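Have a look at the structure below, then the notes.
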Amino acid sequence: MEKIAIIGMGMTKIEANKVSENFADMAWEAVNAALADAGMDIKDVSNLITTSNDFWDGRTISCMAVGDSSGAREKNCSCVEGDGTYGAFYAMARILSGSYPSTLVTGHTKGSESISSLITNAAFDPIYERSLGVDMITASAMQARAYMDKTGTTSEDLARVSVKNHGNAKNNPYAQLPMDLTVEDVLASEMIADPLHKLDCSPVSDGCCALILADEETAKKFCKKPIWVKGAAFCSDAYFLGDRDLAKPKSLVAAAKKAYAMAGITEPTRQIDLAEVYDAFTYQELMWAEGLGLAEYGKAKDRLKNGDFDISGTLPVNASGGLLSGHPVIAAGLYRMAEAVRQLRGEAGANQKDGAKTAVVQGLNGLCGQSHCVWVLGNE
Amino acid sequence: MGKKRVAIVGTGQTHHKSHRPDVNGQELIHEAVTRALADAELTIKDIDAIVIGNMDHFEGINYVDCWSVDGSGGTMRPIIKLTTGGTTGSTLAIGGYHMVASGLFEKVLIIGWEKNSESDTTGAITTAFDPIWDRLVFAGAIAGLAAEGQAYMAEFGITDRDAARVSVRDRKHAVNNPYAQLRKEVTIEEVLESPMLSDPIHLLDVCPRTDGACAVIMASEDVAEKICPVPDWIWGTANRHVYTYVGDVNLGEIDSMKNAATELFAKTGIREPRKELDVIELYQPYSFAGIIWIEAMGIIPRGKGSEYIWSGATDMGGELPINPSGGVIACNPIGATGLIRCAEVALQVMGKAGDRQVPDVNLGVSTGFGGCFWTDILLHGKKKPE
Amino acid sequence: MIDQDLSKVTPQVYESKIGVPYTWWAGDTATRFLEGIRDRGELWATRCGKCSRTYVPPRKNCPGCFEENAEWVQVGPGATVVTFTVARRPLAAIPDPVPVVFALVKPDGADTAMLHRIGDVDPEKVSIGMRVKPRFAAERKGHIRDIECFVPEQG
């Protein structure tokens, strides 16, 4: 694959309720931050992809709301509906096609404007499932139970993810929920749906993230520290939860295998320095880390307990604080990519993993990780 | 041009109908997909990635790309959803083009679909508009189109009789298309006597609501000619999606078409589109657009569209047939509609268009329309692009 | 003159909702399943002629082999709990008082599990591997909730 770089990034602070900003205002902030970061003017960006979801936004053709403030006027553009990592993938494909030297990609969500239980209930089959009343949290709780049953992972293990990530958030200026927690705090928090406590779940959040991707020539022209895409791939599993082995992330394993092959990663635990994964719930960080080959199946809990996934450990996972510390749904994967860029540039401040050269990032779509998008990024 | 040249090697459509109660959305998709695979003589195992789209609020299913994998073949494959409203179908075609041109995937399945019978289309479209400024005063798509028609009429003095001629053309063409929903010829008088929906638009000037799906398979130059003896090469794509509040639209001139077409023709070396193109499948949801938008595309000077239509030049057998399929007035499963335009031009280039075949098509254009007067446009050709 | 400084504005919140009615066509395949639970209190699945996988909810085509599922087979009524959760917070999607037990249950003879609820049992006693069977509503309308819930097979 030809070289593609991330040359600019802009994030709004993730907040529970951005009452002063609408979708366009958030995009304006993130896009301008990304342009400033890249040293570009909007005229230097040749096309753009916005990422949004009509249900979360309460709006048909949700991309309409952010086009103008993202600079779409008189540019070719498109809209991906799904996690921002998929938007970034299309952005990359548009550059690799030779049609465009650079693509701006954005993702936004205002979870505060809707009721997430109803929005995610609408992802269930209208004939067979929806009227039962299940939503993302209760479905994920079933997945957590299946995973714990199969691997012997305990509620204390899950709680350790929450303690770590909320703690990491204390040094992240963009995070919504920096917190000092103990395992006991997590276990004592409200039981929403067994086995998931309130502090096992990510919060409802507002935010927008923008990245600028570019070909090698453009990257070298504008950027002193381009972060290179080493590999990227995505894959979907079956839809119905009962068609899948919920305890195993089959499509993530497949996507990771492809992305790693592109990147020449044969021993992920040795070759990857840090990971930013889609920890919408505590158990997911462990499941996805295993799916990415960062621990053997069922052993992520041991690596976590051993401190390997801490910032000071051998393979920090969600050094940014992850989604548990702020989860603007559609933008979530782009935030993970941006956080990996900060690390690979050496700009992550107190959360910096020293000497980080290669990072893996993961985003997902659908219920209980039906579809995953995996990126390998590097600074060399 | 892409790093890899890209061609359409197979297409499939459902027989579009107003209601398809016998299938759900997944099953409707599956019909189009199996037909496209059969057309290309491929199996789902040959497909490297899937690009799919519809408009969420027409079916009321969130993460609908994930929901529909049983029908699309997306299980254990890369599947990505694009959606841009009415332009969704053409946006998908442009998306599939870039996925293949990138070299990341060799064969990509592109699916657009809609079951418009499942919701209140007007209600769902109204939610596209800004909830604070436009939504309460603007209902559905037709009001914006009527405003465009009025603006053009005021400037050039055409009447609803001139627009009716476009509707008569498309409905006549649709008789030749076994997949079209409405296959009945009408007269100018019948159009003018049909109920006035939103002045100056009569019922027979506009598109129906449709259940339908369309699938297109694109392949890279490495394999396209092995799969299909006469593939349809994609020469280029362009689009303009400027959102503004309804009052900011340049009514009667459609800037998005003008700017997208200008860009496309410039980068593909088309100097005289009227002479060089052999066929156009225009996403034309109402008759007046058949006059206004071909001017914006640069086919005919501004103000001359009506005369050109009356001359018969855009009828089957004319110098530049438009909408041999019957177009959107005969059939409009919204998320599929733009992709159907693309598939229909592909059929023309491949010589597979049956009773609606235009002879010797070397170059054709397909378009998409939607959003807030947005345009997508693709140039197709029989010759492999330079 | 108005104040030029937007930071002094107290932003307003515009409360609204989207109300779009939907008519979801179940299609022939789902209709046959829904008729089975409504008219006969039976669970019916489709089976792929190629890989023999038996699908519930029934699928018109096999997602893997991508061929039409020709055969209908009766499954259950006995079923096994694959996984479950006890929903304790009254989340907006749940139309009934909590706690509610959601579960994936695999009917005997099927290769996939279906999403439903567990009832007639202390939620703390539900476990993975538990044997259950459907309890049908007295009045049935051809709806997934004609199965009120799955209940323990014994007792």
Amide H of C:THR83: which non-local residues (sequence gap of 5 or more, or other chain) have their own amide H closer than 5 Å, using H built in the peptide plane? C:LEU104
If you place +1 on the Cβ of every Lys and Arg and -1 on the Cβ of every Asp and Glu, how big does the dipole about the Cα centre of the protein assembly as shown come out, in debye to the nearest 20? 1640 debye
Which of the helices in chain B, when you take each full DSSP H run, stretch at least 15 Å along the axis at their Cα atoms and have an average Kyte-Doolittle score of -0.5 or higher? B:25-40, B:88-101, B:142-156, B:255-268, B:334-350
Separation of region A:308-380 and region C:120-147 by C-alpha centroid, Å? 42 Å
Compute the acute angle (0 to 90°) between the alpha-carbon long axis of helix A:23-38 and the principal axis of greatest extent of the alpha-carbon atoms of chain A; round to the nearest 10°. 60 degrees
Against the 2.2 N^0.38 Å rule of thumb, the C-alpha Rg of chain A sits at a ratio of 0.91
Taking neighbour counts of Cβ atoms within 10 Å as a proxy for exposure, in what order, fewest first, do B:TRP67, A:TRP228 appear? A:TRP228, B:TRP67
If you fit an axis through the alpha-carbon atoms of helix A:332-345 and take the longest principal axis of the Cα set of chain A, what angle between them do you get, 0 to 90°, nearest 10? 70 degrees
Based only on other Cβ atoms within 10 Å, what is the fewest-to-most ordering of A:GLU184, B:GLU263? A:GLU184, B:GLU263
Only residues of region C:7-47 count here: report those whose backbone N is under 16 Å from the spot 7 Å along Cα→Cβ of A:SER112, or say none. C:7-16
Amide H within-cut-off set for A:ILE227, under 5 Å, with H built and near neighbours excluded: A:ILE6
All Cα pairs of the protein assembly as shown, percent lying beyond 39 Å: 39 percent
Semi-axis lengths (Å, descending) of the ellipsoid that matches the C-alpha gyration tensor of region C:25-152: 26, 16, 13
Between C:ASP108 and B:LEU203, what is the FRET efficiency for a Förster distance of 60 Å, r being their Cβ-Cβ separation, to the nearest 0.05? 0.60
Could you list the GluC sites (Glu not before Pro) in region B:174-204 that lie in coil according to DSSP, counting only those with at most 14 other Cβ atoms within 10 Å of their Cβ? B:GLU185
Ranked list, fewest to most other Cβ atoms within 10 Å of each Cβ, for B:HIS16, A:HIS197, B:HIS241: A:HIS197, B:HIS16, B:HIS241
Sequence-distant or interchain residues sharing an amide H contact under 5 Å with C:GLU148, placed H: which? C:ARG135, C:PHE136, C:ALA137
Tell me, what HN-Hα J-couplings in whole Hz come from the Karplus equation 6.51 cos²θ - 1.76 cosθ + 1.60 at θ = phi - 60° for each residue of region C:134-149, using x for Gly and Pro? x, 10, 8, 5, 5, 9, 10, 10, x, 9, 4, 8, 4, 7, 5, 5
Mean shadow area of region A:193-236, taken as a quarter of the surface of its Cα convex hull (nm²): 6.4 nm²
Hey, what angle do you get for helix A:155-168 against the long axis of chain A, alpha-carbon based, 0 to 90 degrees rounded to 10? 30 degrees
Can you give me the C-alpha center-to-center distance between region B:312-372 and region A:25-99, rounded to a whole angstrom? 30 Å
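Based on alpha-carbon positions alone, could you give the equivalent ellipsoid semi-axes of chain B from the gyration tensor, as √(5λ), descending, whole Å? Intermediate values should be presented prior to the final figure.
On the way: eigenvalues 176, 114, 75 Å².
Gyration-tensor ellipsoid for chain B: 30, 24, 19 Å.
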With the crude spin-label approximation of a point 7 Å out along Cα→Cβ, what separation in nm comes out for A:ASP354 versus B:GLU193? 8.9 nm
Running Debye on region A:196-266 with equal point scatterers at the Cα sites and no solvent, what base-10 log of I(q)/I(0) appears at q = 0.27 Å⁻¹? -1.08
List the GluC sites (Glu not before Pro) within region A:251-339 that fall in a DSSP loop (any state other than H, G, I, E or B) and whose Cβ has at most 14 other Cβ atoms within 10 Å. A:GLU296
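Every number in this text was worked out from the coordinates using simple rules, so none of it is lab data. Since the structure is predicted, the reported quantities are computational estimates derived from the model, not experimental observations. Because the Cβ atoms are built from the backbone with ideal geometry, glycine has one as well, and the counts that use them run over all protein chains shown.
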